[in-house]
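For reference, the structure is listed below as structure tokens.
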Amino acid sequence: MEITFRLADDGADLPALVALYDAAARWMQENGIAQWKPGEKDADHFRRRRADGEVWLAQAGGRPVGAFELWWQDEPAWGPQPPEAGYVHRLMVDRDRAPAGTGRAMLAHAERRTAEAGRAWSRLDCVSSNPRLRTYYEDAGYTVVGEQPFKEGTGGSKYAVTLLEKRLAG
């Protein structure tokens, strides 16, 4: 089944984004991963992310099967940076409907979009307590470049994260 991508809109796509997030959060909880929580991201969150960056929807068979956010800066995790990277956040897959490889296809799409924007790096972070996720990103070509410990009151992550990046073809 072919996976296609489009920018999410502020109307009909918002409930689908919230549902994808909540399903991913429930899966994490069921699998002992202390990270996302159902109900934590609502339609306003995705509306704000669209205003600050891009929110992409992956579809297969005309149905949403995944989504991700692409930010153009991420100071809470990465500190002040020159405009050289795209930052992938909230990679979400519908585990019941998504064809195999959807997560990697979304990463590849984020990398292409980042390169099209003239940026040389794709960056992301993952919760430090999830070595399986870290390995997933390393297998996709990302390199660990640091750790960001949890810091109360910084507006950043609610948990320690591992910082990873991938140099994009020029």
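The values are calculated or read from the model by the stated rules, or taken from the named source; none is laboratory data. Every value quoted in this text rests on a predicted model; they were computed, and no experiment measured them. Note that each Cβ is placed from the backbone with ideal geometry, even for glycine, and that neighbours are counted across all protein chains shown. The accessibility values were calculated without ligands, DNA or RNA, using every heavy atom of the protein model including side chains. Shrake-Rupley method; radii C 1.70, N 1.55, O 1.52, S 1.80 Å.
Quick check: is even one residue across the stretch 52-59 at pLDDT below 95, on the phi < 0 side of the Ramachandran plot and in contact with a Leu (Cβ under 7 Å, 6 or more places away or on another chain)?
Yes, because at least one residue in the stretch 52-59 is at pLDDT below 95, on the phi < 0 side of the Ramachandran plot and in contact with a Leu (Cβ under 7 Å, 6 or more places away or on another chain).
Report, by residue number, each residue of the stretch 127-144 that is under 9 Å from THR162 (Cβ atoms) and modelled with pLDDT of 95 or more.
Listed by number, the residues that qualify are TYR137, VAL144.
Does PRO38 count as in contact (Cβ under 8 Å) with a residue 40 or more places away in the chain, surrounded by fewer than 21 Cβ atoms within 10 Å (Cβ to Cβ) and closer than 21 Å to ALA23 by Cα?
Considered against the rule, which asks whether it is in contact (Cβ under 8 Å) with a residue 40 or more places away in the chain, surrounded by fewer than 21 Cβ atoms within 10 Å (Cβ to Cβ) and closer than 21 Å to ALA23 by Cα, PRO38 comes out as no.
If you go through the stretch 76-120, how many residues are within 15 Å of ARG49 (Cβ to Cβ) and of a type outside the set (A, V, I, L, M)?
Within the stretch 76-120, residues that are within 15 Å of ARG49 (Cβ to Cβ) and of a type outside the set (A, V, I, L, M) number 6.
Return the pair list, or none, for Cβ contacts closer than 7 Å from residues in the stretch 98-127 that are surrounded by 15 or more Cβ atoms within 10 Å (Cβ to Cβ) to residues that are modelled with pLDDT of 95 or more and part of a helix (DSSP H, G or I), at least 6 apart or on different chains.
SER122/ALA110; SER122/GLU111; SER122/THR114; LEU124/TYR137; CYS126/TYR137
In the stretch 74-97, which residues are modelled with pLDDT of 95 or more, under 16 Å from the mean Cα position of the chain (by Cα) and either over 24 Å from GLN29 (Cα atoms) or of a type in the set (Lys, Arg) (or both)?
ALA85, GLY86, TYR87, ARG90, listed by residue number.
Looking at (1) closer than 18 Å to LEU163 by Cβ; (2) open to solvent by 20 Å² or more (accessible area, probe 1.4 Å); (3) in contact with a His (Cβ under 8 Å, 6 or more places away or on another chain); (4) of a type outside the set (A, V, I, L, M), which one does TRP78 not meet, given that it meets all the others?
Unmet for TRP78, out of (1) closer than 18 Å to LEU163 by Cβ; (2) open to solvent by 20 Å² or more (accessible area, probe 1.4 Å); (3) in contact with a His (Cβ under 8 Å, 6 or more places away or on another chain); (4) of a type outside the set (A, V, I, L, M): (3).
Filter the stretch 56-75 for residues that are open to solvent by 20 Å² or more (accessible area, probe 1.4 Å) and assigned to a strand (DSSP E or B); which is nearest to THR162 (Cα to Cα)?
TRP71
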